[in-house]
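Submitted below is the structure of interest, expressed as structure tokens.
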Amino acid sequence: MDEVTAFAPGRVNLIGDHTDHTDGWCLPMALTMGVTVRGDRVGGAVALRSDAADGLALVPLDVTEPAELEPAWARYVAGVIAELCPSVGLRGEVTADLPADAGLSSSAALEVAVALALGAADDDPVGLARICQRAEQRASGVPCGILDQLSATSGVAGHALLVDCAELTTTPIPVPDDLEIVVVHSGEHRTLAGSAYAERRRECEEAQARIGPLRSATPADVAALDDPVLRRRARHVVTENRRVHVAVEAFRAGDVDALGELLDDSHRSLRDDFECSTPRVDAAVERLRTTPGVHGVRMTGGGWGGCVVAVTEPGALDEGWRVEPGGAAWVSVREAGPSGPRTRPR
Ligand code: GLA
């Protein structure tokens, strides 16, 4: 019986939200915090307990309707099984040092760790991310992009990742040592399933049907949209894509003032044009933004609650999580062979 340990990181998106589903760019950072799955590869089902959620996730290997399972966290496990079709089950436990429902991609981390524990190939980060993106969509019914899963499979320690969501490439961008990245919970918990995420995606698609791909649209293209709602949604995406590229330059130049302004602009755009913030998230952003030593702050992730991310001078904030850029997901298998167990790292 093989014993397996798999870890996948959460992520914080530094800038570039709601750009992945129209093939744009984003700048996430995999975290050192994440989700670990430990267990034995055995039997015809997956049976997992979690230290972060109640109930037993008991999922047969021939599961067909992941979204109907209880407890709710079992749906993500089931989504992975339905995509991966493993021939052997898994019995074990999930541990997490990442808060759930916070916009830090705990569900993507769970999917990637479960997939690796079940034997998904660990040398194809894009393929693994796609499997887990489909798993998330099946589990939650939310037509999410690939940002979260690709961050978990492709993280590079000490770096943020410039993600091109059309090419599915990731370029590591060093995070300067004198910057602190702090994630603060707004106090408002949310799941994307109950949000307007799908409606926003539809609006972006409608805008693209009228003016072509938002990835290459210009401000003049956006201005030509006569529907004011579609114009605001498209303006967010087009300006946010640009902010991602300028932020990469600011990172490279160590220009923290420019970076801070970009984060602030990004938040305003998500709040006013994409309308995916909330009064409570806005209040957290305002409070932190005016704290001495904070360069910039914005909501992060899908929105409608969850966390905000601040880029600060060292020691400026003494709340939330001071997050470090972590590496990619990994798996370690202790194989039970004829000559006894041996360990195969990665
Ligand atoms: C959620 C989705 C991602 C992405 C973000 C917003 O986290 O899962 O695909 O769309 O929202 O940037």
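The values are calculated or read from the model by the stated rules, or taken from the named source; none is laboratory data. Model, not experiment: these values are computed from the prediction. Please note: Cβ atoms are built from the backbone with ideal geometry, for glycine as well, and neighbour counts cover all protein chains shown. Side chains are part of the model used for accessible areas, which takes the heavy atoms of the whole protein and leaves out ligands, DNA and RNA. Shrake-Rupley method; radii C 1.70, N 1.55, O 1.52, S 1.80 Å.
Being acidic (Asp, Glu) and modelled with pLDDT under 95 narrows it down to one of 68, 93, so name that one. Let's see the steps before the verdict.
Numbers: 93 fails: modelled with pLDDT under 95.
When all the criteria are applied, what remains is 68.
Now a separate question. Among what's in region 309-327 and is outside any loop (DSSP other than H, G, I, E, B) and more than 14 Å from the ligand (Cβ to nearest atom), pick the residue that is farthest from residue 177 (Cα to Cα). Before the answer, list the steps.
Start the filter on region 309-327 by keeping residues that are outside any loop (DSSP other than H, G, I, E, B), which leaves 309-312, 321-323, 325.
Cutting the leftovers down to more than 14 Å from the ligand (Cβ to nearest atom) gives us 310-312, 321-323, 325.
On the way: 310: 15, 311: 12, 312: 11, 321: 17, 322: 13, 323: 12, 325: 11 Å.
Checked region 309-327; the qualifying residue farthest from residue 177 (Cα to Cα) is 321.
Give just the number: which of (1) within 18 Å of the chain's Cα centre (by Cα); (2) closer than 30 Å to residue 277 by Cα does residue 69 not satisfy?
It fails just one condition, (1).
If residue 236 passes every condition in (1) more than 13 Å from the ligand (Cβ to nearest atom); (2) buried (at least 23 other Cβ atoms within 10 Å of the Cβ) but one, which one does it miss?
(1)
Further question on the same structure: Within region 17-60, track down each residue that is in contact with a Lys or Arg (Cβ under 9 Å, 6 or more places away or on another chain), of a type in the set (Gly, Ala, Ser), open to solvent by 20 Å² or more (accessible area, probe 1.4 Å) and touching a residue at least 40 places away in the same chain (Cβ under 8 Å).
Answer for region 17-60, where residues must be in contact with a Lys or Arg (Cβ under 9 Å, 6 or more places away or on another chain), of a type in the set (Gly, Ala, Ser), open to solvent by 20 Å² or more (accessible area, probe 1.4 Å) and touching a residue at least 40 places away in the same chain (Cβ under 8 Å): 43, 45, 47.
Here's something else I'd like to know. Among the numbered criteria (1) over 16 Å from the mean Cα position of the chain (by Cα); (2) within 16 Å of the ligand (Cβ to nearest atom); (3) open to solvent by 40 Å² or more (accessible area, probe 1.4 Å), which single criterion is violated by residue 200?
Among (1) over 16 Å from the mean Cα position of the chain (by Cα); (2) within 16 Å of the ligand (Cβ to nearest atom); (3) open to solvent by 40 Å² or more (accessible area, probe 1.4 Å), the lone unmet condition for residue 200 is (3).
Sticking with this structure for a sec: Against the definition (open to solvent by 50 Å² or more (accessible area, probe 1.4 Å) and more than 16 Å from the ligand (Cβ to nearest atom)), how does residue 220 come out, yes or no? Working first, answer last.
Values: open to solvent by 50 Å² or more (accessible area, probe 1.4 Å): yes; more than 16 Å from the ligand (Cβ to nearest atom): yes.
So residue 220 fits the description; yes.
Now for a different question. Regarding region 139-153, can at least one residue be identified that is more than 16 Å from the ligand (Cβ to nearest atom), open to solvent by 30 Å² or more (accessible area, probe 1.4 Å) and either within 17 Å of the chain's Cα centre (by Cα) or of a type outside the set (Ser, Thr, Tyr) (or both)?
Here is the first cut: in region 139-153, the residues more than 16 Å from the ligand (Cβ to nearest atom) are none.
No, there is no match, as no residue in region 139-153 is more than 16 Å from the ligand (Cβ to nearest atom), open to solvent by 30 Å² or more (accessible area, probe 1.4 Å) and either within 17 Å of the chain's Cα centre (by Cα) or of a type outside the set (Ser, Thr, Tyr) (or both).
With the requirement that a residue be farther than 17 Å from residue 8 by Cβ, hydrophobic (A, V, I, L, M, F, W, C) and in a strand (DSSP E or B), what does region 34-91 give you?
45, 47, 56, 58, 59
Considering only residues that are open to solvent by 10 Å² or more (accessible area, probe 1.4 Å) and either part of a loop (DSSP other than H, G, I, E, B) or more than 16 Å from the ligand (Cβ to nearest atom) (or both), which ones fall in region 106-120? Quick ask: steps written out before the conclusion?
We begin by selecting, within region 106-120, every residue open to solvent by 10 Å² or more (accessible area, probe 1.4 Å); these are 106-107, 110, 118-120.
Across region 106-120, the qualifying residues are 118, 119, 120.
Going through 281, 294, 308 one at a time, which residue ends up being hydrophobic (A, V, I, L, M, F, W, C), surrounded by 24 or more Cβ atoms within 10 Å (Cβ to Cβ) and touching a Leu at 6+ places or on another chain (Cβ under 7 Å)? Even if it seems obvious, please write down each step before you answer.
Values: 281 fails: touching a Leu at 6+ places or on another chain (Cβ under 7 Å); 294 fails: surrounded by 24 or more Cβ atoms within 10 Å (Cβ to Cβ).
Going through 281, 294, 308 in turn, just one is hydrophobic (A, V, I, L, M, F, W, C), surrounded by 24 or more Cβ atoms within 10 Å (Cβ to Cβ) and touching a Leu at 6+ places or on another chain (Cβ under 7 Å): 308.
Which count do you get for residues in region 163-181 that are assigned to a strand (DSSP E or B), open to solvent by less than 30 Å² (accessible area, probe 1.4 Å) and touching a helix residue (DSSP H, G or I) at 6+ places or on another chain (Cβ under 8 Å)?
2
Among the residues of region 121-138 satisfying the criterion of being crowded, with 19+ Cβ neighbours inside 10 Å and free of Cβ contacts under 8 Å to residues at least 40 places away in the same chain, which is nearest to residue 324 (Cα to Cα)?
Going through the qualifying residues, I end up with 129.
I've got another one for you. When the residues of region 1-10 are filtered to those that are open to solvent by 10 Å² or more (accessible area, probe 1.4 Å) and in a strand (DSSP E or B), which remaining residue is nearest to the ligand (Cβ to nearest atom)? Steps first, please.
Of region 1-10, the ones open to solvent by 10 Å² or more (accessible area, probe 1.4 Å) are 1-3, 5, 7.
Keeping just the survivors that are in a strand (DSSP E or B) gives 2-3, 5, 7.
Details: 2: 31, 3: 31, 5: 26, 7: 20 Å.
Out of the qualifying residues, it is 7.
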